[in-house]
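These notes are about the structure you will find just below.
The values are calculated or read from the model by the stated rules, or taken from the named source; none is laboratory data. None of the values given here were measured: they were computed from a predicted structure. Using ideal geometry, Cβ is built from the backbone for each residue, glycine included, and neighbour counts are taken over all protein chains shown.
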Amino acid sequence: MFLGRGYSFPIALEGALKLKELAYVHAEGYPAGEMKHGPLALIEEGMPVVVIAPRDEHYKKTMSNMQEVIARGAKVLLITNKSKDEIISENIWEQIEVDKLDYELIPFLTTIPLQKLAFYSALEKGYDIDKPRNLAKSVTVE
């Protein structure tokens with residue numbers, strides 16, 4: 001599951017899409033604010049959840065959503081931007097910090113770790129990342 005708010009929600013959708021396309025893993029992107037409307041019921045012990053939470057106006061609410069999934073046993077990969085604040089939880093599997101830039105540029109930086117996650121997941125599973133199955137590299141028919 002990939003979670004994000006504001007500009008981070010489309011990034012969450014993109015991260016889920018890349019994981020599906022390259023590693024053939026079922027993944028879904030959800031708006032973090034809608035967790036209580038269904039997706040929270042899917043969280044169980046050890047489930048991987050990617051949280052995209054740059055330090056913007058949505059940060060505190062996204063952290064609250066992250067704590068909800070942690071309380072249900074999820075292992076969280078947190079993608080955020082650098083700050084002096086430290087986030088500590090034994091269930092944060094990994095934290096990736098991108099550079100602190102203008103708010104409008106953060107989506108570009110937070111997309112990169114998601115692409116690398118899909119890339120290395122596919123390699124680990126032995127899939128050819130240059131030739132994903134059932135996908136065309138360009139549109140050849142209408």
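Right, A74: modelled with pLDDT of 90 or more and either buried (at least 18 other Cβ atoms within 10 Å of the Cβ) or of a type outside the set (S, T, N, Q) (or both) or not?
yes
Could you count how many residues in the range 2-53 are at positive phi and under 14 Å from the mean Cα position of the chain (by Cα)?
Number satisfying all stated conditions: 1.
Scan the range 1-41 for residues that are over 16 Å from L77 (Cα atoms) and hydroxyl-bearing (S, T, Y) and report the count.
Number of matching residues: 2.
Does the range 14-30 hold any residues that are buried (at least 18 other Cβ atoms within 10 Å of the Cβ) and of a type outside the set (D, E), and which are they?
G15, A16, K18, L19, L22, A23, A27, G29, Y30
Considering each residue of the range 41-66, count those that are of a type in the set (S, T, N, Q) and surrounded by 13 or more Cβ atoms within 10 Å (Cβ to Cβ), and give that number.
2
With basic (K, R) and not in a loop (DSSP other than H, G, I, E, B) as the only criterion, which of K84, K100, K36 stands out?
Answer to the check: K36.
In the range 39-63, which residues are part of a helix (DSSP H, G or I) and among the hydrophobic types (A, V, I, L, M, F, W, C)?
In the first step, residues of the range 39-63 are kept if they are part of a helix (DSSP H, G or I); the result is 39-42, 59-63.
Residues satisfying the conditions are L40, A41, L42, M63.
Using the structure shown, decide if L114 is at pLDDT 95 or above and not in a strand (DSSP E or B).
Here the answer is yes, as L114 does meet what is asked.
Quick one: W93 ticks every box in (1) surrounded by 22 or more Cβ atoms within 10 Å (Cβ to Cβ); (2) in a strand (DSSP E or B) except a single one, so which number is it?
Tallying (1) surrounded by 22 or more Cβ atoms within 10 Å (Cβ to Cβ); (2) in a strand (DSSP E or B), W93 fails exactly one: (1).
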